[in-house]
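Structure record follows, encoded as structure tokens.
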Amino acid sequence: MSNRRDEFKSGSTNPATRFLEWDSNAKGFKFYDKEKKENIPVKVPFKFLVLKSLHTVKGWHSKSESGIYSNEINNMNEMLNVKSFKGGHIISGIYREIKEKLQGGVYFKSIYIMLGDGSIANIALKGASCAMWGDFTKKTSARLADEWVAVTGAEDQKNGSVKYSVPVFEFKGSLTEADGIKADEAYDVLSEYFKDYMARKAEEAPSADELLEAEDATPNKAAHVEPAKKAAVTQIDDNDSFELPF
């Protein structure tokens, strides 16, 4: 029997408790704490289990002085709807066709993970950090279902005069039976959320919860260097010039 009260329900809340991004200068991950209103560093090493990998766009929209966000998609042939918090709709389309018109938005790999305590989090990787993840998983993707991955440190890299760091990933052992049970439970929670999310993403405006989640996951304004000043910078949060093969 259908429940008429479902008509008035808002979208379910993203189950990720933390949205992590790489801080190149600090050589570690960080997440934004809404209550403290500050970035919290995540100590390295830490381990996680991959639950789901998606694609999205994030960044900073200078014209409206607000963050850029988009829906999350399963593959790069799906439609992206790119918006800014204060400026509204920017562009819609397949990434390869719109990537030059994102007005400050850049590609991110959005990886949903389970941490050691069983909680769900999200890691967002762009540029060289994303390429590092791609190199790590290129021949080992089959192992991701049953093994822990650890961020064990940072590797210094350089592109011309620009210095930056990227995370180093390693496998850190197989799941125990108890870990497997927790992982299945975490995946079920995440799967239920995305079943609702994917059904609504293309047609609906984001819910209030989704806006808050997107804002948490948007790179900080301070992490983005104004184009006119980039030439004088020797170290940045990540290397946006890396073009990924999508």
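The values are calculated or read from the model by the stated rules, or taken from the named source; none is laboratory data. Just so it is clear, the model here is predicted, and its values are computed rather than measured. No Cβ is skipped: glycine too gets one built from the backbone with ideal geometry, and neighbour counts run over all protein chains shown.
Has the range 45-56 got any residue that is under 28 Å from LEU175 (Cα atoms) and over 18 Å from the mean Cα position of the chain (by Cα)?
yes
From the set of residues in the range 139-166 that are over 19 Å from LYS47 (Cα atoms) and of a type in the set (D, E, K, R), which is surrounded by the fewest Cβ atoms within 10 Å (Cβ to Cβ)?
LYS139
Give the residue that is surrounded by the fewest Cβ atoms within 10 Å (Cβ to Cβ), with candidates limited to residues of the range 26-40 that are part of a strand (DSSP E or B) and of a type outside the set (Ser, Thr, Tyr).
GLU38
Could you figure out which of (1) assigned to a helix (DSSP H, G or I); (2) modelled with pLDDT of 95 or more isn't true of ALA142?
Against the list (1) assigned to a helix (DSSP H, G or I); (2) modelled with pLDDT of 95 or more, ALA142 comes up short only on (2).
Would a scan of the range 235-242 turn up a residue that is at pLDDT 90 or above and under 17 Å from the mean Cα position of the chain (by Cα)?
No, the range 235-242 contains no residue that is at pLDDT 90 or above and under 17 Å from the mean Cα position of the chain (by Cα).
Rundown of residues vs (1) out of contact with any Gly (no Cβ under 9 Å at 6 or more places or on another chain); (2) aromatic (Phe, Trp, Tyr); (3) within 30 Å of GLY180 (Cβ to Cβ), yes/no style:
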| residue | (1), (2), (3) |
| --- | --- |
| SER70 | no, no, no |
| ASN74 | yes, no, yes |
| ASN77 | yes, no, no |
| PHE85 | no, yes, no |
| ILE94 | yes, no, no |
| GLU100 | yes, no, no |
| VAL106 | no, no, no |
| GLY118 | yes, no, yes |
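Output yes when any residue across the range 110-132 is under 15 Å from the mean Cα position of the chain (by Cα), more than 26 Å from SER174 (Cβ to Cβ) and in a loop (DSSP other than H, G, I, E, B), and no when none is.
There is at least one residue in the range 110-132 that is under 15 Å from the mean Cα position of the chain (by Cα), more than 26 Å from SER174 (Cβ to Cβ) and in a loop (DSSP other than H, G, I, E, B).
Regarding ALA154, is this residue in a strand (DSSP E or B), at negative phi and hydrophobic (A, V, I, L, M, F, W, C)?
Taking the combined requirement at face value, the residue satisfies it.
Please name all residue pairs, on different chains or six or more residues apart, with Cβ atoms under 7 Å, provided the first residue is in the range 113-138 and is within 15 Å of ALA150 (Cβ to Cβ) and the second residue is in a loop (DSSP other than H, G, I, E, B) and small (Gly, Ala, Ser).
Cβ pairs passing all conditions: ALA121/ALA16.
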